[in-house]
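Report on one structure; see the data block that follows.
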Amino acid sequence: MIALAASSSGTISDEVFVQLRDFIYEKTGIYVPDNKKYFLENRLSKILRDKNLRNFEDYLYFLKYSATKQDIAKLYDTITTNETFFFREPQQFEVFSDPLISQIIKENSQMGRKDIKIWSAACSTGEEPYTIAMILADKQELISFRKEIYASDISESVLISAKRAMYGSYSIRNVPPQYLAKYFKDSSGVYVLSETIKSMVKFMNINLIEEKEVKQLKGLDVVFCRNVLIYFDDKAKKKAVSLIYDVLRPKGYLFVGTSESLHNITRAFHPVVINKVVVYQKV
Ligand SMILES: C[S@@+](CC[C@H](N)C(=O)[O-])C[C@H]1O[C@@H](n2cnc3c(N)ncnc32)[C@H](O)[C@@H]1O
């Protein structure tokens with residue numbers, strides 16, 4: 001009886017939980033605390049069924065010794081939390097729009113640069129980078145500037161949906177009316193983003209704790225890394241933030257989520273407060 005209960009696919013033994021948690025952590029930086037065992041049980045049980053695996057121990061063995069790249073991608077799709085929407089935390093976008101963009105134009109012009117480079121570092125289904133794209137597209141001051149917007153995520157399924165750029169009413173509920181009218185087509189309740197905005201964003205699959213992947217980018221003016229570090233422990237946060245530091249240009253800017261802080265994580269950024277919004281500036 002006991003052996004049967006232990007091998008039931010619905011629950012994870014403490015020992016297997018720790019090994020699964022460590023596996024996920026090493027790969028992604030995402031740390032599943034002891035009291036969130038149910039989270040892994042809920043999220044992973046479908047993979048077990050689809051793969052015809054008897055229990056989580058077999059899944060762990062499979063992950064360690066025979067999983068393909070696609071199997072690991074499926075794990076990432078399953079364990080990540082992808083909640084997002086357009087103009088999320090709007091105060092940050094207000095500060096980005098004014099005064100930060102003018103400041104960047106000034107700084108870059110002094111360096112002889114006629115471009116602006118932004119990275120949405122955990123972009124989920126695309127609402128964040130497309131919000132940035134709409135703001136840049138409507139800035140008269142940027143008309144003669146080359147605009148580069150990179151957007152990345154570890155989950156391939158959200159990137160597929162981001163590239164499709166079709167949204168429901170939940171996602172667009174904060175979009176200011178002038179942007180909604182200009183850049184979306186309402187097709188029976190599905191909001192289809194215009195090609196003008198879609199074509200401004202380049203999507204990539206980047207794991208924030210993988211140096212080689214992050215270093216594909218360089219010389220960025222602003223990084224948005226919002227609502228992802230909350231899933232990491234301090235060690236993984238430090239790693240991700242130091243990689244972001246390396247790809248920002250001197251004095252470049254970093255936004256984290258409004259409920260997040262880099263206190264105790266790094267001294268390589270100075271918090272600058274603009275209109276009550278904290279922006280981290282590379283020292
Ligand atoms: C809650 S969403 C945040 C989306 C957006 N930045 C926002 O604030 O609305 C978090 C995203 O981080 C991604 N993520 C988690 N771990 C990651 C990692 N190690 N590297 C890159 N992206 C990661 C998830 O796949 C998910 O799409």
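Pick from the stretch 95-133 the residues that are charged (D, E, K, R) and under 20 Å from the mean Cα position of the chain (by Cα): which of them is farthest from the ligand (Cβ to nearest atom)? The residue in question is 117. For the residues 69, 27, 74, 37, the requirement of being outside the structural domain of residue 253 (by TED's automatic domain parsing), closer than 26 Å to residue 168 by Cβ and not hydroxyl-bearing (Ser, Thr, Tyr) singles out 74.
The one condition from (1) part of a helix (DSSP H, G or I); (2) away from the ligand (no atom under 13 Å from the Cβ) that residue 73 does not meet is (2).
Annotation: of all residues in the stretch 137-162 being closer than 26 Å to residue 240 by Cα and away from the ligand (no atom under 14 Å from the Cβ), the one that is nearest to the chain's Cα centre (by Cα) is 148.
For the residues 98, 115, the requirement of being out of contact with any strand residue (DSSP E or B) (no Cβ under 8 Å at 6 or more places or on another chain), assigned by TED's automatic domain parsing to the domain that holds residue 206, under 30 Å from residue 192 (Cα atoms) and surrounded by fewer than 16 Cβ atoms within 10 Å (Cβ to Cβ) singles out 98.
For the stretch 142-179, filtering for residues that are loosely packed, with under 14 Cβ neighbours inside 10 Å and in a helix (DSSP H, G or I) leaves 7.
Selection over the stretch 133-172 of residues that are among the basic types (Lys, Arg) and more than 29 Å from residue 99 (Cβ to Cβ) gives a count of 2. Scanning the stretch 204-225 turns up no residue that is touching a strand residue (DSSP E or B) at 6+ places or on another chain (Cβ under 6 Å) and basic (Lys, Arg). Where strands (runs of 3 or more DSSP E) fall entirely within the stretch 181-250, none has at least 2 residues that are touching a Lys or Arg at 6+ places or on another chain (Cβ under 9 Å) and farther than 18 Å from residue 132 by Cα. Consider the stretch 146-182 and keep the residues that are among the aromatic types (Phe, Trp, Tyr) and in contact with a strand residue (DSSP E or B) (Cβ under 6 Å, 6 or more places away or on another chain). The one that is farthest from residue 213 (Cα to Cα) is 167. In summary, residue 278 fulfils each of the numbered conditions (1) without any contact (Cβ under 8 Å) to a residue 40 or more places away in the chain; (2) among the β-branched types (Val, Ile, Thr); (3) in contact with a Leu (Cβ under 7 Å, 6 or more places away or on another chain) with the single exception of condition (3).
Within the stretch 78-97, identify whether any single residue is under 20 Å from residue 206 (Cβ atoms) and part of a helix (DSSP H, G or I), and answer yes or no. Looking for residues that are under 20 Å from residue 206 (Cβ atoms) and part of a helix (DSSP H, G or I), one finds at least one in the stretch 78-97, hence yes.
Residue-by-condition table, conditions (1) closer than 30 Å to residue 177 by Cβ; (2) without any contact (Cβ under 8 Å) to a residue 24 or more places away in the chain; (3) out of contact with any helix residue (DSSP H, G or I) (no Cβ under 7 Å at 6 or more places or on another chain):
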{"residue": "29", "(1), (2), (3)": "no, no, no"}
{"residue": "47", "(1), (2), (3)": "no, no, no"}
{"residue": "50", "(1), (2), (3)": "no, yes, yes"}
{"residue": "55", "(1), (2), (3)": "no, no, no"}
{"residue": "83", "(1), (2), (3)": "yes, no, yes"}
{"residue": "86", "(1), (2), (3)": "yes, no, no"}
{"residue": "100", "(1), (2), (3)": "yes, no, yes"}
{"residue": "107", "(1), (2), (3)": "no, no, yes"}
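Go through the residues of the stretch 35-48 one by one and say whether even a single one is assigned to a loop (DSSP other than H, G, I, E, B), surrounded by 15 or more Cβ atoms within 10 Å (Cβ to Cβ) and not acidic (Asp, Glu). Within the stretch 35-48 (the criterion being assigned to a loop (DSSP other than H, G, I, E, B), surrounded by 15 or more Cβ atoms within 10 Å (Cβ to Cβ) and not acidic (Asp, Glu)), the answer is no, since none of the residues qualifies.
The values are calculated or read from the model by the stated rules, or taken from the named source; none is laboratory data. Quantities reported herein were computed from a predicted structural model and do not represent experimental measurements. Because the Cβ atoms are built from the backbone with ideal geometry, glycine has one as well, and the counts that use them run over all protein chains shown.
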